[in-house]
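Here is the structure we will look at.
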Amino acid sequence: MSHDNPLQHPEVQVASGRGYLLTFLISTLLMGVSLLLVANHAMAPFGLMLVLSLCAGLAVIVQIYFLMHMDLSEAHIWNTVALVLTIPLFILAIGLTAWMFSTLYERTMVMLPTMHGMAGMVH
Amino acid sequence: MLVDLQGPWSPLLGRLALSQIPYENPILAPLFVVVAIMGIAIIAALSYYGKWGYLWREWLTTVDHKKIGIMYIIIGLVMLFRGFMDGLMIRTQQAMAVGPDAAGYMGALHGYLTPYHFGQIYSAHGVIMILLAATPLLVGIMNVIVPIQVGARDMAYPYLNAVGLWITAAAAVLVMASLFVGDFSHNGWFGIAPIFELPYSPGVGVDYWMWVMQLAALGSTLGSINILATIVKMRAPGMTWLRLPIFTWASLATNIIALTSFPALTVALALIGFDRYLGTHFFTAGLGGNLMLYTDLFWLWGHPEVYFVILPAFGMLSEIIPTFSEKPLFGYVTMVLATFGIAGVSWAVWLHHFFTMGAGPDVISFFSVATMLVGIPTGVKVFNWAFTMYRGRLRFETPMLWSIGSLFLLLVGGLTGMMLAFPAINYMVHNSVFVIAHFHSMLLMIVYAIFGAVTYWWPKIFGFKLNEAWGKAVFWLFTAGTVGVFVPMYTLGFMGMTRRLDYVFNTQWQLLLDVQMLGIAFYSLSVLAFLGLLYVSIRDRAKSRVSHDAWGTTHSVEWMTPSPVPFYNFAVVPHINARDEWSWRKEHGFTDLRPDHYEDIHMPKNTGIPLILGVLTFLLGFGLTWRIWWLCALSLALIIAVVIIRSFDADTGYIIPADEVERMERAHHDRAQAAVELPQAGVPGGVTAYGQGNKPAAKGEVGAPGSGISSPEGSRA
Ligand code: HEM
Ligand SMILES: [Cu+2]
């Protein structure tokens with residue numbers, strides 16, 4: 001059986017120490033910023049939520065790009081398929097959760113996050 | 001430390017102290033003695049027969065997907081037994097502790113288990129049965145069968161496969177350790193916020209639960225990546241998507257679910273970890289925490305998980321039923337679509353586990369409808385199986401019995417699930433034993449399918465069949481147990497009995513609880529019968545040897561290989577010509593052909609590293625549970641070091657030369673010839689009856705799979 005060198009596979013070829021290090025640094029940075037913002041109550045809760053979502057989104061993009069080296073080439077078709085699959089799941093998981101909890105808050109809590117802040121925070 | 005720990009802590013031992021060992025417990029202390037004696041006996045036997053080397057070479061360091069699968073199945077069976085003992089204790093306690101006059105023993109007010117102990121038992125029962133019994137059994141069977149069904153020699157990542165196994169084993173050992181060191185969680189298998197928070201559960205029980213779940217999740221995720229990659233990348237030439245065996249399709253869908261849903265569990269558990277170890281407030285009642293968010297995250301995984309366990313079972317039924325109906329599967333394409341339909345819907349129904357949370361009516365209606373939609377693809381499957389059996393030549397051998405039992409349970413479980421999906425009904429029976437009976441019907445359906453699959457594929461893996469009479473005895477005893485326990489349980493659910501009662505206040509429930517004990521007695525007998533089955537079958541194995549096609553009417557690729565399957569699976573990678581390849585070959589008389597020449601085979605080398613990683617993972621989990629920080633740091637550092645060291649090892653495979661392959665193939669061939677005293681009915685197309693067409697039947701026994709083709713020494717007829 002002819003045996004090709006696994007290091008020549010396109011999936012392996014995209015590996016890059018610089019990319020990994022960069023991902024690690026940027027992700028750590030984004031996480032640190034988020035942590036600081038939350039720990040110091042740096043903004044009103046709604047603004048905080050937006051900024052955190054933005055950080056999370058950035059982190060995802062950084063990881064897709066630098067860590068997984070996603071592109072649309074034929075060699076990475078399965079990565080693309082996997083990414084496309086996660087989009088509806090993402091929408092379902094986050095969207096339905098947001099929906100169920102917004103109706104829950106309407107019915108059980110006086111204050112909505114958009115009004116004054118997550119219940120306990122204003123104590 | 002960032003959190004207030006109750007009780008002592010020392011840098012050397014963390015929270016561990018002698019007082020944490022329950023040597024005074026009247027149940028655990030004798031149990032420990034028994035376990036210790038058994039352990040010593042096993043070690044002594046291994047040494048006496050000089051089997052350590054064999055164990056190390058052939059099992060502990062193996063990367064062969066079949067052996068790894070078998071070890072998964074052994075872990076699953078052992079944990080199934082442990083979980084059964086928990087179930088037996090739960091049932092006994094409830095039958096004993098009915099009404100204020102019920103006697104109390106061993107420190108309990110009623111019955112023989114204190115509420116605290118009882119809580120640990122039902123929590124351990126659930127965790128073990130779902131994550132450490134059902135899941136490893138299914139993963140094990142997928143591990144054994146999928147690579148052979150796609151015509152591959154091993155998994156895509158044999159080394160990763162072994163790592164997944166040993167991490168799962170570490171989780172199993174950790175949950176067993178909780179028996180004898182410290183205690184286990186009492187907040188149910190799914191965890192209840194905020195009871196699992198440190199102030200309300202100050203002991204190590206919740207930590208054990210959390211890390212056991214976390215390790216099991218890690219093992220399953222690694223395994224799912226591997227099976228997905230195997231199916232996508234390792235299919236034999238000619239195996240197009242629409243020729244994929246149906247069990248492989250089911251495995252594909254299952255592992256997509258696993259890969260996408262397990263992260264939700266990992267996150268939920270990690271956030272509990274932050275709360276308990278770092279003092280954050282994700283799931284606390286106040287201070288910005290949101291306890292329902294835990295329930296949401298958990299079931300975001302939890303519901304897909306129930307389909308993760310049921311889809312492989314569906315796949316097994318889809319393999320077994322055609323074989324014993326002597327017909328091809330009815331509606332292959334719809335079966336595949338239904339599998340993916342179920343997988344797809346499974347992501348959008350999780351709120352039905354907490355309908356009573358108080359979300360708005362639109363939300364509840366949405367999830368109710370989504371839940372009921374699952375019935376459509378499930379119905380498609382059931383009708384496909386029914387049409388497969390319709391006008392087939394049914395043979396009621398043990399695997400078929402298990403499959404039919406499984407179908408009945410699926411019906412009961414599915415219909416009660418539909419009832420639970422009505423919010424109006426759900427508000428009445430939520431948290432009653434009706435729910436327990438529902439999901440036990442479902443999970444037992446899976447257990448039936450597993451037993452069917454084990455009996456069905458046993459001869460493929462070991463080269464001889466399990467004893468029919470004993471197998472049927474196990475089936476009927478087990479079924480008597482199922483009926484005896486769960487029919488009364490449904491009834492009690494309607495009578496309003498809530499789940500997890502350590503004390504049963506209503507004396508009118510006594511009778512039904514006693515009937516359940518009868519069911520438990522039957523289950524216990526079935527455990528004994530199962531041991532008898534193994535003993536008798538292994539003792540008489542010489543009489544029940546089989547060749548390739550153990551059941552005579554099988555149809556998929558794995559039956560083209562010799563039984564037992566050689567470690568390299570296929571001497572020459574087969575070319576796949578049809579959906580039911582083996583049926584196709586039988587039909588075209590291609591069963592007795594052997595390749596005209598052999599080529600060198602490249603195989604992965606054994607390695608002890610996965611086992612070392614498993615041991616270190618256990619130490620890490622144990623250290624985290626007991627907050628022994630030096631142990632955590634050390635084992636984590638070692639894990640990272642070992643992984644790095646291994647990654648520099650370029651020499652991970654070896655070559656079996658072609659003439660060696662040929663020699664081994666000949667040996668298999670001779671053994672197969674010696675085995676065929678049994679009447680074999682490998683018949684064209686897999687559609688013809690048993691016993692017809694003697695000539696092709698005789699041909700079916702010899703030869704080896706292969707694409708390059710030449711004639712064997714001659715027909716045996
Ligand atoms: C036709 C398909 C099914 C429907 C409509 C259905 C519906 C439901 C509903 C509505 C509940 C929530 C009951 C409550 O807590 O009030 C439930 C609970 C449950 N179901 Fe199903 N189910 C289905 C299939 C399954 C399958 C296939 C499994 C497992 C293999 C399963 C396992 C469970 C479990 C484990 C629970 C409860 C867990 C717990 O509370 O501890 N179900 N089911
Ligand atoms: Cu569910």
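Going residue by residue through the range B:287-296, is there one that turns out to be open to solvent by 40 Å² or more (accessible area, probe 1.4 Å), on the phi < 0 side of the Ramachandran plot and at the interface with chain A (Cβ under 8 Å from one of its Cβ atoms)? Spell out the reasoning first.
Taking the range B:287-296 and keeping what is open to solvent by 40 Å² or more (accessible area, probe 1.4 Å), we get B:287, B:291-293.
Next, only the ones that are on the phi < 0 side of the Ramachandran plot stay: B:291-293.
After this cut, where a residue has to be at the interface with chain A (Cβ under 8 Å from one of its Cβ atoms) as well, the list is B:292-293.
Yes.
Quick grid of which residues meet (1) modelled with pLDDT of 90 or more; (2) in contact with a His (Cβ under 9 Å, 6 or more places away or on another chain); (3) more than 29 Å from B:Ala162 (Cα to Cα):
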position: B:Thr591; (1), (2), (3): no, yes, yes
position: B:Glu599; (1), (2), (3): no, no, no
position: B:Gly608; (1), (2), (3): yes, no, no
position: B:Gly623; (1), (2), (3): yes, no, no
position: B:Ile640; (1), (2), (3): yes, no, no
position: B:Gly653; (1), (2), (3): no, yes, no
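Filter the range B:261-301 down to the residues that are in contact with a His (Cβ under 7 Å, 6 or more places away or on another chain), within 16 Å of ligand 2 (Cβ to nearest atom) and of a type in the set (D, E, K, R) and list them by number. Walk me through how you get there before you give the answer.
In the first step, residues of the range B:261-301 are kept if they are in contact with a His (Cβ under 7 Å, 6 or more places away or on another chain); the result is B:275, B:287-289, B:299.
From what's left, within 16 Å of ligand 2 (Cβ to nearest atom): B:299.
Those that are in contact with a His (Cβ under 7 Å, 6 or more places away or on another chain), within 16 Å of ligand 2 (Cβ to nearest atom) and of a type in the set (D, E, K, R): none in the range B:261-301.
Cβ-Cβ under 7 Å, sequence separation 6+ or interchain: first residue in the range B:342-365 and open to solvent by less than 20 Å² (accessible area, probe 1.4 Å), partner polar (S, T, N, Q). Which pairs?
Sorted first by the residue in the range B:342-365, then by its partner, the pairs are B:Ile342/B:Thr378; B:Val349/B:Thr371; B:Phe354/B:Thr295; B:Phe355/B:Asn426; B:Gly358/A:Thr108; B:Ala359/A:Thr103; B:Gly360/A:Thr103; B:Val363/A:Thr103.
When only residues in the range B:367-398 that are of a type in the set (Ser, Thr, Tyr) and surrounded by 15 or more Cβ atoms within 10 Å (Cβ to Cβ) count, which is farthest from ligand 2 (Cβ to nearest atom)?
Let us first name the residues in the range B:367-398 that are of a type in the set (Ser, Thr, Tyr), namely B:368, B:371, B:378, B:388, B:390, B:398.
Within this subset, residues satisfying the condition of being surrounded by 15 or more Cβ atoms within 10 Å (Cβ to Cβ) are B:368, B:371, B:378, B:388, B:398.
Working: B:Ser368: 12, B:Thr371: 7, B:Thr378: 13, B:Thr388: 28, B:Thr398: 31 Å.
That would be B:Thr398.
If we keep just the residues of the range A:70-87 that are within 16 Å of the chain's Cα centre (by Cα) and under 18 Å from A:Gly19 (Cβ atoms), which is farthest from the other protein chains (Cβ to nearest Cβ)? Break it down into steps so the answer makes sense when it comes.
Within the range A:70-87, the first condition is being within 16 Å of the chain's Cα centre (by Cα), and the residues that meet it are A:70, A:82-87.
Now restrict to residues that are under 18 Å from A:Gly19 (Cβ atoms): A:70, A:83.
Values: A:Met70: 16, A:Leu83: 12 Å.
Ranking the qualifying residues of the range A:70-87, first place goes to A:Met70.
Taking into account only those residues within the range B:28-40 that are open to solvent by less than 100 Å² (accessible area, probe 1.4 Å) and under 28 Å from the mean Cα position of the chain (by Cα), which is nearest to B:Tyr112 (Cα to Cα)? Talk me through it step by step, then tell me what you get.
So the first thing to find is which residues in the range B:28-40 are open to solvent by less than 100 Å² (accessible area, probe 1.4 Å), and the list is B:28-31, B:33-36, B:39.
Add one more test, that the residue is under 28 Å from the mean Cα position of the chain (by Cα), and what stays is B:28, B:31, B:34-36, B:39.
Details: B:Leu28: 13, B:Leu31: 16, B:Val34: 20, B:Val35: 22, B:Ala36: 24, B:Gly39: 28 Å.
Here the answer is B:Leu28.
Condition first: open to solvent by 10 Å² or more (accessible area, probe 1.4 Å) and either hydrophobic (A, V, I, L, M, F, W, C) or under 15 Å from B:Glu468 (Cβ atoms) (or both). Now tell me which residues in the range B:552-571 satisfy that.
Listed by number, the residues that qualify are B:Val565, B:Phe567.
Kindly indicate the residue of the range B:326-380 that is among the small types (Gly, Ala, Ser) and on the phi > 0 side of the Ramachandran plot and also farthest from the other protein chains (Cβ to nearest Cβ) among those meeting that condition. Write out each step before concluding.
First, pick out the residues of the range B:326-380 that are among the small types (Gly, Ala, Ser): B:331, B:338, B:341, B:343-344, B:346, B:348, B:358-360, B:365, B:368, B:370, B:375, B:379.
Now restrict to residues that are on the phi > 0 side of the Ramachandran plot: B:331, B:358.
On the way: B:Gly331: 25, B:Gly358: 6 Å.
Ranking the qualifying residues of the range B:326-380, first place goes to B:Gly331.
Quick check on B:Arg391: is it away from ligand 1 (no atom under 11 Å from the Cβ) and under 23 Å from B:Phe478 (Cβ atoms)? Spell out the reasoning first.
Working: away from ligand 1 (no atom under 11 Å from the Cβ): yes; under 23 Å from B:Phe478 (Cβ atoms): no.
Spelling it out, it is not the case that B:Arg391 is away from ligand 1 (no atom under 11 Å from the Cβ) and under 23 Å from B:Phe478 (Cβ atoms).
I'd like to verify a number: residues in the range B:320-366 that are away from ligand 2 (no atom under 16 Å from the Cβ) and closer than 17 Å to B:Leu300 by Cβ, how many?
0
Just need a number here: residues in the range B:482-530 that are in a helix (DSSP H, G or I), open to solvent by 60 Å² or more (accessible area, probe 1.4 Å) and not aromatic (Phe, Trp, Tyr). Walk me through it before giving the result.
Applying the first criterion (in a helix (DSSP H, G or I)) to the range B:482-530 yields B:482-494, B:507-530.
After this cut, where a residue has to be open to solvent by 60 Å² or more (accessible area, probe 1.4 Å) as well, the list is B:483, B:487, B:494, B:507-508, B:511, B:514, B:518, B:522, B:525, B:528.
Still in the running and not aromatic (Phe, Trp, Tyr): B:483, B:487, B:507-508, B:511, B:514, B:518, B:525, B:528.
Final tally of qualifying residues: 9.
Among the listed residues B:Thr388, B:Thr378, identify the single one that is over 20 Å from A:Gly95 (Cα atoms), in contact with a Pro (Cβ under 6 Å, 6 or more places away or on another chain), in a helix (DSSP H, G or I) and hydroxyl-bearing (Ser, Thr, Tyr). Full working, then the answer.
Values: B:Thr378 fails: in contact with a Pro (Cβ under 6 Å, 6 or more places away or on another chain).
Every option except B:Thr388 fails the conditions.
The values are calculated or read from the model by the stated rules, or taken from the named source; none is laboratory data. This one's a predicted model, so the numbers in the text were calculated from it and none came from an experiment. With ideal geometry, Cβ positions are generated from the backbone for all residues, glycine too; neighbour counts draw on all protein chains shown. Surface accessibility is based on the protein's heavy atoms, side chains included, excluding ligands, DNA and RNA. Shrake-Rupley method; radii C 1.70, N 1.55, O 1.52, S 1.80 Å.
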